[in-house]
Each structure stands twice: as structure tokens, then as C-alpha cells.
Amino acid sequence: MNTRNRLLMCAPEFFTVQYEINPWMNAQRKPDAVAASDQWQQLVANLAAVAEIVLCEQAPEAPDMVFTANAGFVFEGRVVVSRFRHPERQPEQPHFARWFAEAGLGLVGCPEDVRFEGAGDCLVDCGERRLWLGHGLRSDPRAGVALQAAFDVPVHTLTLADTRYYHLDTCFCPLADGYTLYYPGAFSAEPQMLIRTRIPAEKRIKVSRADARHFACNAVGLGEHVFMNRASKALRKTLESIGFEVHETPVSEFLRAGGAVKCLSLNLDDPMA
Ligand code: ARG
């Protein structure tokens, strides 16, 4: 690994669950602020061993802003800033837009009526130059057309139907060398078929329902390192047998908002293969 990827993260200063926009959220079961802060600090420390952590500040009116994966989608030095489906998250947009502008990233436009939730729904393949876009629950499939045109890259679109797996990064995770972790149960027959035709069988790593519920697919892959909330013995063994190093970093307080390790970071560089 020669260059370290930069990961954008946001300390959970104002993180809480005050609205419910996915089935994991229950405003009566709020995360514990101290535990959330401790878990986040530990996650930063773990990721900092192999990546460079870049921070942005949380806006008080945006409790979900800690999920920087949804700030936008960065690819080859340019960014598409997110346009959230739910009004609850729309206050995050100007903050992230300003951050990207100040960071000097080139802006890529997306038509105004197209909802797009950034790297929560758009994932960079680490095996070949192509993107995966989840749509149906948050992002609009037309975002795929815009991404394809802007970056001149093939985009495979996968329809999401299970509200529990509302962003593609909750059930699908490209890893180094074209390996892909995914939870088949989150997809209907058609997207499952697309995954099978585009990713060779030996590169597909199926995650069990129990692992999926612990957000195992919401992982950050950096070269041979894979960071996730929790991995069963079986999943750990599978990943290790291929040569990956699994780092568990518990983020249970963030699961209360429907997010985990991957949601809490945004890769500003192209993932290392
Ligand atoms: N509460 C947030 C939402 O529902 C969680 C976002 C998680 N982010 C992600 N990339 N999956 O929008």
C-alpha cells in the first residue's frame, strides 16, 4: 500500500435519533452520547492505522451528519454532492457542499430533481473501473445516467427493495481485487442475477442474514484491511482464507440510526486495489 486513502469523518457532537427515516431508527431508543463518542474515537483510531482521517464539523441541526458516506460521491478527484430524499436530512446539503468546495474538489452536476445519497448508494468497484448504484429507496436511477456521463464509466444499477437495507452500502461492499461482500436477501431476483453475471463466483462473498443485521456489509475495505462492526466466526474465516485482515470495530450506538462503519466515513480517494 503506497498512498493512504483520505477518509472524511464527522465527530458525533450532535448525533442522536430524533426522527425515523429507516426501520432501524426509533426516536424512543436514543443512542448513548458518551458510548457513541467512545465508539467513534475508537473507529477513528483503528482506521487511522491505514488511512488518513480528515474531519468536518457537525451542524447542530443535522443529527445524521456523522454519516459522511452520504455527503456525496467522490471519484477520480471530483464530487457529486448529495441531494437527500428525506427533508430531515436535507439541512446537511449546504454544509457538505461548502466542505467539498473548500476542499477544492471539482463539482459534478446532477439534475435538480434527481435524489442521490452519495457513497451510501454509489460504490466504486475495486476490480475493474465501474460503479455500482443502489436505487429504489433513496437514490433515483437517473443518478446512474448522470454518473455514467460525467465520469465516462459503466454504472451497474441494483434495485433495492428491503427497507432495512435502504442504501446499497448496507448490503453490498466491493473489496480489493474485485472481491465483493453482499447479502443476497436484500435483493430481488433481477439484481441478484446482475450481481451473478458481473462478478465471478469465486469473487462473491455471501453474507448470512445474521451478519447482514450486524451491518457486516457496511464495511470499509482498504487494501487487505476490512473494518466492520462485527463479523461472525464463519465470515472472519472466509475473509481470512482469501487474505483479508478483519478488524472489528463496534459501532452499536450508530446502528440505532441505521448506520455503521462504512456510513461513518467517505473515501475522498479512489480505493486501493
Ligand atoms: N439515519 C441515516 C439515514 O437513514 C443513516 C444513514 C446511513 N448511511 C449509509 N451510508 N448507509 O439516512
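Annotations for the structure displayed:
- Region 64-80, residues that are aromatic (Phe, Trp, Tyr), assigned to a strand (DSSP E or B) and surrounded by 24 or more Cβ atoms within 10 Å (Cβ to Cβ): PHE73
- Among residues of region 75-88 that are in contact (Cβ under 8 Å) with a residue 60 or more places away in the chain, those with a beta-carbon under 9 Å from a residue that is within 15 Å of the ligand (Cβ to nearest atom) and assigned to a strand (DSSP E or B) at least six positions away or on a different chain give the pairs PHE75/CYS122; PHE75/VAL124; VAL80/GLY72; VAL80/PHE73; VAL80/VAL74; VAL80/PHE116; VAL80/CYS122.
- If you filter region 171-182 down to residues that are crowded, with 24+ Cβ neighbours inside 10 Å and assigned to a loop (DSSP other than H, G, I, E, B), you find that the one that is nearest to the ligand (Cβ to nearest atom) is CYS171.
- Helices (runs of 4 or more DSSP H) within region 195-273 that include 2 or more residues of a type outside the set (Ser, Thr, Tyr), at pLDDT 95 or above and within 16 Å of the ligand (Cβ to nearest atom): 209-213, 252-255
- Condition check for ASP140: surrounded by 16 or more Cβ atoms within 10 Å (Cβ to Cβ) and free of Cβ contacts under 8 Å to residues at least 40 places away in the same chain: yes
- When GLY118 is tested against (1) at positive phi; (2) in contact with a Leu (Cβ under 6 Å, 6 or more places away or on another chain), only condition (2) is not met.
- When residues in region 148-170 are screened for being within 11 Å of the ligand (Cβ to nearest atom), assigned to a helix (DSSP H, G or I) and out of contact with any helix residue (DSSP H, G or I) (no Cβ under 8 Å at 6 or more places or on another chain), 1 of them pass.
- Condition met for GLU128 (of a type outside the set (S, T, N, Q), out of contact with any Ser or Thr (no Cβ under 9 Å at 6 or more places or on another chain), loosely packed, with under 15 Cβ neighbours inside 10 Å and outside any loop (DSSP other than H, G, I, E, B)): no
- A single member of GLU52, GLU76, GLU117 is touching a helix residue (DSSP H, G or I) at 6+ places or on another chain (Cβ under 8 Å) and more than 22 Å from ARG138 (Cα to Cα), and it is GLU76.
The values are calculated or read from the model by the stated rules, or taken from the named source; none is laboratory data. Computed from a predicted model, the values in this text were never measured in an experiment. Heads up, the Cβs are rebuilt from the backbone with ideal geometry, glycines too, and the neighbour counts pull from every protein chain shown.
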